[in-house]
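Where a number appears in this text, it was derived from the coordinates with a stated rule and is not lab data. Since we're looking at a predicted model, the values are computed, not measured. Methodologically, a virtual Cβ is constructed for each residue, glycine included, from the backbone with ideal geometry; neighbour enumeration extends over all protein chains shown.
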């Protein structure tokens with residue numbers, strides 16, 4: 001697969017602020033890639049540099065093998081879905097969608113046909129003659145999508161496309177966008193601050209922080225093997241425990257905190273004894289042991305006291321005090337095997353079993 | 001008294017003051033003037049009457065309808081010239097000046113002459129356009145003219161220039177507001193869809209600023225129509241406008257009925273223009289939020 005987008009050492013400053021700091025990224029043809037991070041992390045500026053709305057202070061942008069760094073937006077083979085859709089208020093829906101074709105010198109009949117096809121694609125043929133102000137937010141979003149796709153761009157840029165929608169519609173559009181991507185085979189580059197959205201939709205996620213690229217990988221890779229505590233915390237929920245290295249063996253690192261010890265698979269790293277480390281455990285990778293249940297072979301066991309209970313309907317979360325700085329979270333699926341009444345109440349003693357494979361170690365200064 | 005009645009009384013209390021003011025100083029005078037316009041005149045008296053002679057002479061006597069047509073022509077020229085000058089300037093201030101402080105400063109630089117006396121501003125043009133003025137001296141200095149030309153001052157040309165200068169802020173203000181309201185991502189979206197900057201201006205920015213242009217042109221047109229100082233100062237013999245004629249009728253000519261009829265015609269023209277522009281503006285008004 002060839003690289004459709006290539007960013008080389010891209011840097012963009014606004015005054016004293018470095019919005020994008022030496023970013024390198026390649027996107028393969030047909031990929032759905034998401035730039036993920038909190039607001040102000042540089043993800044939107046990066047997207048706007050691909051679109052041609054911002055120009056880098058240094059570094060190059062390549063699209064389909066061509067250096068487009070100095071080209072204006074109207075000379076780039078990409079189209080963008082803007083955050084608030086940017087539909088032209090003085091034009092009908094059909095004129096909005098056909099706008100980019102009218103200028104490009106496509107014949108009138110051809111435009112009409114393609115507009116019709118584009119509107120059918122987003123299921124809004126009936127709204128062709130409406131003004132954008134007569135549409136709901138969700139409909140505006142689809143029109144913006146149709147307008148951007150009608151020019152058959154090499155890359156579709158999406159700037160927080162779903163952030164204005166309410167939860168149900170957002171979830172429906174996530175699926176719809178993903179299906180559209182699979183059907184069209186066009187490369188999608190999306191920007192979002194919603195980690196769940198990124199996990200659901202993307203082939204690959206790029207996590208950004210303070211203008212820099214922190215980690216990139218498939219959703220599974222990022223979730224299972226976060227490179228830094230920041231990524232672990234940003235994607236999903238993590239228990240992060242500050243600990244000291246008590247022992248290092250060929251296979252394990254043992255960290256100690258409070259009165260407890262936690263054994264982690266070492267994965268090759270060997271921090272010296274006494275060093276500060278951060279241990280990371282996903283709440284759903286923790287097993288709550290029933291009274292009298294024996295600890296499974298090879299598992300860590302932590303003793304603690306339940307402090308709070310959160311009910312999510314089909315799942316529950318328990319916060320427990322295990323002697324670490326922060327409450328330790330445990331997630332459980334509720335169902336036939338585990339009823340809500342069986343959950344430990346506030347103040348009850350709990351025993352938690354964790355497999356060393358499910359403990360990630362971040363060595364300080366990494 | 002229940003809540004509703006109390007509310008109504010309070011509303012009446014708030015509205016009655018301005019309403020009484022409007023009635024006494026706006027509607028009553030207009031009604032009086034409207035009545036006068038049908039009176040006949042026997043110098044030096046005016047006789048209560050109901051006849052259309054005053055209006056008829058406005059339409060048949062060249063010294064009146066010619067002035068009226070001239071006034072309309074000059075008003076149209078002033079509002080067109082104002083748009084041609086003010087639109088590019090305002091566009092530049094709104095979109096090309098990046099610093100907010102500089103932008104506000106330039107905007108006020110355009111508006112601030114409104115606080116300077118009208119007469120003073122009109123007189124400055126006498127020193128520019130006069131036979132010993134800046135323009136003549138400059139043209140002689142660069143060799144375009146051999147001797148001062150008289151045609152700059154005391155002409156319709158001079159009036160259009162002076163009135164444009166005086167009323168242009170009234171066009172800059174609404175155009176500035178309408179340009180500032182246009183979301184920049186619309187311009188970006190247009191460029192994103194392959195449209196170059198100039199076509200983007202024609203297809204997006206210009207249509208969306210039409211309400212501001214209309215409002216501004218209405219201001220300059222109507223204000224010019226009612227102006228009687230500029231013709232007096234720089235208009236010369238063939239520069240009289242309709243407001244001067246009205247002034248003369250109420251003054252030296254002592255023909256109040258004819259003056260009233262003229263005023264009524266002016267009022268009608270202005271009202272037609274305002275309601276037409278309002279209608280267009282409403283049709284084009286869009287939710288840009």
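Worth pointing out:
- The fraction of Cα-Cα pairs per 10 angstrom bin, counted from 0 for segment A:86-239, comes to 10, 35, 30, 16, 8, 1 percent, rounded to whole percents.
- Kirkwood Rh in Å, taken over segment B:51-172 so that all alpha-carbon pairs contribute: 17.3 Å
- Each Cα pair under 8 Å and six or more residues apart adds its sequence gap; the mean of these over the residue count of segment B:62-288 is a relative contact order of 27 percent.
- The spread of Cα positions in segment A:290-366, taken along each principal axis and listed from longest to shortest, comes to 43, 27, 22 Å.
- Between helix A:167-184 and chain A: long-axis angle, C-alpha atoms, 0 to 90°, nearest 10: 60 degrees
- Over segment A:235-366, the pair-distance histogram of Cα-Cα distances with 5 Å bins from zero comes to 2, 11, 20, 23, 19, 13, 7, 4, 1, 0 percent, rounded to whole numbers.
- With the helix formula -39500 (n - 2.57) applied to DSSP H stretches of n ≥ 4, chain B reaches a computed 222 nm mean residue ellipticity of -22000 deg cm²/dmol.
- Only helices enter this figure: runs of n ≥ 4 DSSP H residues, each worth -39500 (n - 2.57), summed and divided by the residues of chain A, yield -7000 deg cm²/dmol at 222 nm to the nearest 500.
- Relative contact order of chain A, pairs being alpha-carbon contacts under 8 Å that are 6 or more residues apart, as %: 15 percent
- For segment A:260-338 versus segment A:5-75, the gap between their alpha-carbon centres in whole angstrom: 40 Å
- Per-bin percent of Cα-Cα distances, segment B:1-109 [10 Å]: 11, 16, 17, 19, 23, 13, 2
- Sites residue B:84 and residue A:307, calculated FRET efficiency, Cβ-Cβ separation with R0 60 Å, nearest 0.05: 0.20
- Each listed q (0.11 Å⁻¹) maps to a log10 I(q)/I(0) for segment A:54-171, found by the Debye formula over equal Cα scatterers with no solvent: -0.40.
- Average beta carbon contacts from partner chains per residue of A:94-103, 10 Å cutoff: 3
- Cα gyration tensor of the protein assembly as shown - equivalent ellipsoid semi-axes, whole Å, descending: 74, 31, 25
- Using a Förster distance of 51 Å, the FRET efficiency for residue A:325-residue B:16 (Cβ separation, nearest 0.05): 0.15
- Chain lengthening between residue A:228 and residue A:346 when straightened (0.36 nm per residue, less Cα-Cα): 39.2 nm
- Reciprocal of mean inverse Cα separation for segment B:160-249 (Kirkwood radius, Å): 15.4 Å
- Segment residue A:251..residue A:164, full-extension length gain: 26.5 nm, with 0.36 nm per residue of separation and the alpha-carbon distance subtracted.
- Pairwise centroid distance, computed over Cα atoms, of segment A:193-213 with segment A:238-259, Å: 29 Å
- More than 17 Å apart - percent of Cα-Cα pairs taken over segment A:1-128: 66 percent
- On Cα atoms only, tilt of A:137-149 relative to the major axis of chain A in degrees: 60 degrees
- Counting only Cα atoms, the size of segment B:62-288 along its three principal axes is 64, 49, 29 Å, in decreasing order.
- Pair residue B:98, residue B:132: separation of 7 Å Cα→Cβ label points (nm): 5.0 nm
- Rg over Rh, two decimals, chain A (C-alpha only, Kirkwood Rh): 1.07
- Computed FRET value (nearest 0.05) for residue A:3 with residue A:134, which takes r as the C-beta separation and R₀ as 45 Å: 0.60
- Per-residue mean of C-beta atoms belonging to partner chains within 10 Å, peptide B:193-202: 5
- Sequence ranges A:121-133, A:223-235, B:45-57, ranked by mean other-Cβ count within 10 angstrom, highest first: A:223-235, A:121-133, B:45-57
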